[in-house]
Amino acid sequence: MSFPQQRLRRLRQTLAMRALVRETELSTSHLVQPLFVRTGRRQRVPITSLPGQYQFSVDELLHETGDLVRLGIPAVILFGIPAHKDAQASGATGIVPQAIRVLKKEFPDLLVIADVCLCEYMSHGHCGVVKNGRVDNDATLPLLAKVAVAYAQAGADFVAPSDMMDGRVAAIRAALDRAGFPETPIMSYAAKFASAFYGPFREAAGSAPQFGDRKTYQMDCANAEETLREVALDIAEGADIVMIKPALSYQDLVWRVKQQFHVPVAVYNVSGEYAMVKAAARQGWLDERACVMEQLTGLRRAAADIILTYWAKDVAGWLRA
Ligand code: PBG
């Protein structure tokens, strides 16, 4: 059968009709709000490259998180801005565990995800230990494992390694199990690409590499087969949820990973993807809300279970209204 027997417009005539046959739902229960936490008190420092996002001191973080919880947002992911940086990333076990403790005490049902990476805490801005001008994979693993255990001890519901060192999921899993946290799940940034779309985050976190770039550890945007290998390895090492990052340029991979591995898949709608729409909307060139709903629905249609997005709070408000 084809036209005129078939008329696909028949089911598009009213809002109710379109809703009845809508295949993909975007709901607040799948959203994760990224939050930046810094030292100090009563600090809510606007991030210029991410309009509407802030670096919060822990007391302000509590206020903000209260709003998120009331909006029904199930989860946040924390990034730390330490008071000082060094070559051992010692700040990694300072502000974030403190924030986790406070959040979990106040909001026990909120899922607190701790991003595990060293770049925000390293003076050189790389995600691992630097030796002889190179990021040393194996020297980084014990440090990542130690940081992950500190976050679990503070009460994190998930640890989320985003460093892209080989073998880090296995190292973290073993360390968590040894420390008495066999039930703490790992949400691994399994396929994290060396992306230009992280630009605003690096301003937000002050984490731009001071020399070179991240291409020796983050993936080449051209590679799909390698993505499947990364995901397979992370699952074999004990990842419970795998993440693809960034989101918009990598939706084919979300789909392929879901089809092949049948595990929960997260996508990270990154800072540059947020900033682009914000900038165009400010100019009056795009309708922010409509664009965001379209993009996030697209990610769900691509089979993403979980979406990390700076718009989580806004979207939760829009869906409720
Ligand atoms: C840390 C990390 C980065 C992001 C999340 N975790 C930055 C990077 O790899 O440079 C980017 C998030 C975003 O752009 O929104 N390794």
Exercise for the section: Scan region 152-175 and report the pairs whose first residue is without any contact (Cβ under 8 Å) to a residue 24 or more places away in the chain and farther than 16 Å from residue 75 by Cβ and whose second residue is within 15 Å of the ligand (Cβ to nearest atom) and in a loop (DSSP other than H, G, I, E, B), with Cβ atoms within less than 6 Å and a gap of 6+ or a chain change. Expected result: none
Fill in the blank from the handout: Expected output for region 297-315 (first residue in contact (Cβ under 8 Å) with a residue 12 or more places away in the chain, partner of a type in the set (S, T, N, Q) and part of a loop (DSSP other than H, G, I, E, B), Cβ below 8 Å, 6+ apart or cross-chain) is 297/24; 300/24; 301/24; 310/53
Exercise for the section: Taking residue 208 as the residue in question, decide whether it is surrounded by fewer than 19 Cβ atoms within 10 Å (Cβ to Cβ), within 13 Å of the ligand (Cβ to nearest atom) and modelled with pLDDT under 95. Expected result: yes
Exercise for the section: Report whether or not residue 164 is assigned to a loop (DSSP other than H, G, I, E, B) and out of contact with any Gly (no Cβ under 7 Å at 6 or more places or on another chain). Expected result: yes
Practice task
With the checklist (1) out of contact with any Leu (no Cβ under 7 Å at 6 or more places or on another chain); (2) modelled with pLDDT of 95 or more; (3) in a loop (DSSP other than H, G, I, E, B) in hand, flag the one item residue 188 doesn't pass.
Solution key: (3)
Fill in the blank from the handout: Among 12, 41, 22, 18, the single one that is farther than 14 Å from residue 316 by Cβ, touching a Ser or Thr at 6+ places or on another chain (Cβ under 8 Å), loosely packed, with under 13 Cβ neighbours inside 10 Å and at pLDDT 95 or above is 41
Handout entry: Among residues of region 104-131, those that are over 20 Å from residue 166 (Cβ atoms), part of a loop (DSSP other than H, G, I, E, B) and among the aliphatic types (A, V, I, L, M), counted
Key = 1
Completion exercise
Of the residues in region 88-111 that are hydrophobic (A, V, I, L, M, F, W, C) and over 20 Å from residue 204 (Cα atoms), the one that is surrounded by the most Cβ atoms within 10 Å (Cβ to Cβ) is 103
Exercise for the section: Return yes or no: is residue 283 out of contact with any strand residue (DSSP E or B) (no Cβ under 7 Å at 6 or more places or on another chain), in contact (Cβ under 8 Å) with a residue 12 or more places away in the chain and either away from the ligand (no atom under 16 Å from the Cβ) or closer than 20 Å to residue 161 by Cα (or both)? Expected result: no
Practice task
Spot the failing condition for residue 149; the list is (1) on the phi < 0 side of the Ramachandran plot; (2) in contact with a Lys or Arg (Cβ under 7 Å, 6 or more places away or on another chain); (3) away from the ligand (no atom under 16 Å from the Cβ), and only one is missed.
Solution key: (2)
Completion exercise
Quick count over region 280-318, residues being within 18 Å of residue 267 (Cβ to Cβ), assigned to a helix (DSSP H, G or I) and among the aliphatic types (A, V, I, L, M), is 7
Practice task
Could you check, for region 130-138, whether at least one of its residues is buried (at least 18 other Cβ atoms within 10 Å of the Cβ), farther than 16 Å from residue 206 by Cα, within 16 Å of the ligand (Cβ to nearest atom) and at pLDDT 95 or above?
Solution key: yes
Problem - Hey, residue 275 at pLDDT 95 or above and assigned to a strand (DSSP E or B) or not - result: no
Practice task
Take region 246-275 and flag every residue that is within 16 Å of the ligand (Cβ to nearest atom) and without any contact (Cβ under 8 Å) to a residue 60 or more places away in the chain.
Solution key: 246, 248, 249, 250, 267, 269
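The values are calculated or read from the model by the stated rules, or taken from the named source; none is laboratory data. Given the structure is predicted, the values throughout are model-derived calculations rather than measurements. Virtual Cβ from ideal backbone geometry, glycine too; neighbours counted across all protein chains shown.
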